[in-house]
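Each remark here refers to the structure printed beneath this line.
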Amino acid sequence: MRLSPLKLRRGDRVVLESWVRAGTIEARMAKRARIVLLAADGMSNRDIAEIVDMHYNQVGLWRKRYAEFGLAGLEDEVRPGRPCIYDHDDVLLLVKMVTEDPPDGATRWTMDALAEAMAAHGVPISASQCWRICKALDLKPWQVESWMTSHDPDFWEKAADVCGLYLNPPVNAVVWSVDEKTSIQAKARINPTMPAVPGIPERREFEYERNGTAVLFAALDVHEGSVAGWVTDSTCSDNFVTFLWDLIDQTPEGMDLHCIVDNLKAHLTDKVQILLDNNPRVHLHFTPTHASWLNQVELFFSILERRLLRRGEFASVDDRARRMIGFIKDYNRKAAPFRWTYEGRPLRAA
């Protein structure tokens, strides 16, 4: 026997149609409104079920709920459940504890320690319940975030200088973003790495051998996107001066060379100053202290780390140097400048 069309109460069609169209209403309410509208148009429960992707018995339930209670019947009923065991004072006590120092001998709270401390205050509670309460309140005593604050008195002047080089470069000049990536280990797995196959990710030996470390001097041409690199053994001032000479040699005659660098002591020595005094077309621009993230070459270091270093295996320092220089040459074939934005947060690759 075919059901007769569902009779809508006065004014309900407008409300139901607005629920179906609204992008902010919960999906379950929009689906229930659609069920009622289709039922009002004379469709059967089975046909409606195919359209809304729901079992026809469930369609019949919402059809009946609307017929009995109107729009209010489309709301979820209050479900019976176990009454709350812990009152507001108990939750406040837990929050007070978890936001204070943990017991002596510990540096952070665990859920077991928190349950023990609550029990000592006369509130028996399980570690799992402590975790549920913390999760509900978005309290995460098991996590920690770090930050570094620059106390450079000239922070804004230096930041404006660097940003100015990015956004409004000097005329007839080249701008290089320069830095060193240090302590790059040449590591190789004891046993060969197994390549990925369908259903199984790449597998690698846990144990590895160290084959030395190296330092990469890198410079990013801010407005062209290309990278110059040199692998050496340390960040000493002599090596920094040598790298600056490499950049000078790559700069066309008659053009100034502007280098953005951080506050490493090797950048501030007498040898560096002598080079600057003898080459007036070379200019160093220093980022504020603890603000190397303003230096765009850090974006290239992130790319290098993710695409080569993190999972790479290298038989020697020379092997690693050769692979890094090879990566830079390949990168330069399609290099493009980063889209520059500054919102007071660390840079991100475009």
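Lys and Arg at +1, Asp and Glu at -1: add these up for the other residues within a Cβ distance under 13 Å of Leu257 and post the number.
Value of the local net charge: -4.
Computed extension length for Gln273-Leu3: 88.0 nm, one decimal, from 0.36 nm per residue of separation with the Cα-Cα distance subtracted.
Computed with every protein chain present, the accessible area of Met148 is close to 130 Å² [probe 1.4 Å].
I need the GluC sites (Glu not before Pro) found in the range 97-191, filtered to DSSP loop residues with at most 11 other beta carbons within 10 Å of theirs. If you can, show how the numbers build up before the last one.
Details: sites: Glu100, Glu116, Glu145, Glu157, Glu180; in loops: Glu100, Glu145.
Answer by residue number: Glu100, Glu145.
Under 27 Å of direct C-alpha separation, and excluding same-chain neighbours fewer than eight residues apart, Lys265 reaches these lysines: Lys158, Lys181.
Its Cα gyration tensor gives the range 80-126 an equivalent ellipsoid, and the semi-axes of that ellipsoid, as √(5λ) in whole Å with the largest first, are 23, 10, 9.
Every Cα-Cα pair of the range 250-291 was included, and the share exceeding 14 Å stands at 52 percent.
Helix 88-98 and the long axis of the chain differ in direction by around 20°, with both axes built from C-alpha atoms. Just checking the listed ones, Leu216, Leu264, Leu74: in the Gaussian network model of the chain with Cα springs under 10 Å, the one fluctuating most is Leu74. Annotation: lysines with alpha-carbon distance below 17 angstrom to Lys140 (same-chain offsets under eight excluded): Lys96. Residues His223, His121, His258, sorted by accessible area with the largest first, give His121, His223, His258 [1.4 Å probe; ligands and nucleic acids excluded]. Put simply, the range 169-261 fits an ellipsoid with semi-axes of 38, 18, 9 Å; these come from the alpha carbon gyration tensor as the roots of five times its eigenvalues, largest first. Solvent-accessible surface of the chain, averaged per residue with a 1.4 angstrom probe and all protein chains in place: 62 square angstrom.
Calculate what fraction, in whole %, of the accessible area of the chain sits on carbon and sulfur atoms when a 1.4 Å probe is rolled over the protein chains.
Solvent-exposed carbon and sulfur of the chain make up 52 percent of the total.
Straight-line reach from Lys187: taking Cα to Cα under 15 Å and skipping same-chain neighbours fewer than 8 places apart, the aspartates and glutamates in range are Glu205, Glu207, Glu209, Glu305, Glu313, Asp318, Asp319. Here, the range 1-157 is characterised by an Rg to Rh ratio of 1.28, where Rg is the alpha-carbon radius of gyration and Rh the Kirkwood radius. Considering all C-alpha pairs of the chain, those separated by over 36 Å amount to 58%. Treating each Cα of the range 204-243 as one equal point scatterer and applying the Debye formula with no solvent, the log10 of I(q)/I(0) at q = 0.20, 0.27, 0.32 Å⁻¹ comes out as -0.71, -0.91, -1.06.
Taken along its three principal axes, the alpha carbon spread of the range 8-59 comes to 25, 24, 13 Å, from the longest extent down to the shortest.
Selection among Phe314, Ala33, Asn172 by position relative to the dipole of the chain gives Ala33 as farthest towards the positive end (Cβ unit charges, Cα centre). Ordered from largest to smallest accessible area (heavy atoms of protein chains, 1.4 Å probe), the residues Arg32, Arg13, Arg203 come out as Arg203, Arg13, Arg32.
Shown are Trp340, Trp147, Trp176, whose ranking by accessible area with a 1.4 Å probe and every protein chain present, most to least, is Trp147, Trp340, Trp176. Short-range pairs are left out: with C-alpha atoms under 8 Å and at least six residues apart, the relative contact order of the chain is 14 percent.
Where does the Debye-calculated log10 I(q)/I(0) of the range 150-219 sit at q = 0.14, 0.22, 0.26 Å⁻¹, using only Cα point scatterers of equal weight, no solvent? Summing over Cα pairs of the range 150-219 leads to -0.73, -1.05, -1.13.
Among DSSP beta bridges lying fully in the chain, give the percent that are antiparallel, nearest 5.
Numbers: 19 of 29 bridges.
Roughly 65 percent of the beta bridges in the chain run antiparallel, per DSSP.
The alpha carbon convex hull volume per residue for the range 206-350 rounds to 139 Å³.
The distance between label points at Arg310 and Arg333 comes to 2.3 nm (points 7 Å beyond Cα on the Cα→Cβ vector).
The values are calculated or read from the model by the stated rules, or taken from the named source; none is laboratory data. All of these numbers come straight from a predicted model, not from anything done at the bench. Cβ: placed from backbone, ideal geometry, glycine included. Neighbour counts: every protein chain shown. For accessibility, only protein heavy atoms count, side chains too; no ligands or nucleic acids. Shrake-Rupley method; radii C 1.70, N 1.55, O 1.52, S 1.80 Å.
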